[in-house]
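Each reported figure results from applying straightforward, stated rules to the coordinates on display, with no laboratory input. Just so you know, these numbers come straight off a predicted model, no measurement behind them. Neighbour counts run over all protein chains shown; Cβ positions are idealised from the backbone, glycine included.
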Amino acid sequence: MFEKLLAAIPEFKLVEDPDLREQCVECWMRAIEIGEWSFDEMLELPFTLLIDTDVTLFDHTRGVTLMADAMAGVMNRMRQDGITVNHQYVIAGALLHDVGKPIEYSKKDGAFVKSRIGRYLRHPITGVWLAMEVGLPVKIAHMIGSHSFEGDRTPRTPEAILIHQADFAWFHTLKKEFK
Ligand SMILES: [Fe+2]
């Protein structure tokens, strides 16, 4: 499973610290195990049930990670008002922001639907649980927990703001409202 995840999401390799990278992959493995998904099913899991899309959760994770990586690079190059971000944490947070979704979703009669847990606990909440369970830094757990509307009343760190914006840039764009 470890190697399959690295192949499906090559952006794990952007995490330079091997221990941090391993914790990120482990977090995904826990989510897949709790959600009782096969790896082949994971390759088809959509990134959202809210819009009609062919984009999988893995594709979305890759896209958000690459976008957040680019944003962090610009922030750190420009240093406006002296603001910089922890680039490695941004990459880890992006890789993990939706790690709770394999727990939020399940499959019924061949269709992807909300799971029993997912009806009560959305992915930002289960994502924090998974991150804390594998011992990830609380700053990364915070980025997961605050990336969606759950974070709208929570002060977001600069790193969490980048994850939130990169995620919603993809989500809103793929709504294709002007297509
Ligand atoms: Fe997302």
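Annotation: amide H of LYS114 within the under-5 Å range of SER106, sequence separation 5 or more or interchain, hydrogens built in the peptide plane. Axis of helix 158-174 versus longest Cα principal axis of the chain: the two differ by about 50°, to the nearest ten degrees. Subtracting the Cα-Cα distance of MET78 and ILE34 from 0.36 nm times their residue separation leaves 11.7 nm of extension gain. In sequence order, region 16-29 has phi-based couplings of 6, 6, x, 5, 5, 4, 5, 5, 5, 5, 4, 4, 5, 5 Hz under the Karplus curve 6.51 cos²θ - 1.76 cosθ + 1.60, θ = phi - 60°, and Gly or Pro positions carry x.
In the Gaussian network model of the chain, springs joining C-alpha atoms below 10 Å, which of LYS101, LYS13, LYS114 carries the largest mean-square fluctuation? Comparing LYS101, LYS13, LYS114 in a Gaussian network model of the chain, the most mobile one is LYS13. Looking at the square roots a ≥ b ≥ c of the eigenvalues of the Cα gyration tensor of region 81-179, which shape do they give, rounded for a/c under 1.5, prolate if a/b is larger than b/c, or oblate? In terms of gyration-tensor shape, oblate.
Under a Gaussian network description of the chain, with springs only between Cα atoms under 10 Å, the residue in LEU49, LEU20, LEU57 that fluctuates furthest is LEU49. In the chain, the DSSP-assigned H stretches of four residues or longer account for a calculated mean residue ellipticity at 222 nm of -17500 deg cm²/dmol, using -39500 (n - 2.57) per stretch and the full residue count as denominator.
When only alpha carbons are used to place a centre, region 1-74 and region 103-163 end up 13 Å from one another. Highest GNM mean-square fluctuation, the chain, Cα pairs closer than 10 Å: which of SER146, SER38, SER106? In this elastic network of the chain, the residue with the biggest mean-square fluctuation among SER146, SER38, SER106 is SER38. Along the chain, the longest continuous region that contains none of the GluC sites (Glu not before Pro) in a DSSP loop with at most 14 other C-beta atoms within 10 Å is 45-176. This model, with +1 at the C-beta of Lys and Arg and -1 at the C-beta of Asp and Glu, gives the chain a dipole about its Cα centre of some 520 debye. Loop-located trypsin sites (Lys or Arg not before Pro) in region 33-93 (DSSP state not H, G, I, E or B) with no more than 10 neighbouring Cβ atoms inside 10 Å: ARG79.
Normalised by the number of residues in the chain, the average gap of Cα pairs under 8 Å and 6 or more apart makes the relative contact order 22 percent. As I understand it, the dipole of region 50-106 uses +1 on the Cβ of Lys and Arg and -1 on the Cβ of Asp and Glu, about the Cα centre. Which of VAL64, TYR89, MET78 lies farthest toward its positive end? Most positive-ward Cα: MET78.
Could I get the Rg over Rh figure for region 32-114? Both from C-alpha atoms, Rh via Kirkwood, rounded to two places.
1.11
When TRP28, TRP170 are arranged by Cβ crowding within 10 Å, least crowded first, meaning fewest neighbours, the order is TRP170, TRP28. Simple rule: put +1 on each Lys or Arg Cβ and -1 on each Asp or Glu Cβ in the chain, find the dipole, and look at LEU130, ILE9, ALA169; the Cα lying farthest toward the positive end is ALA169.
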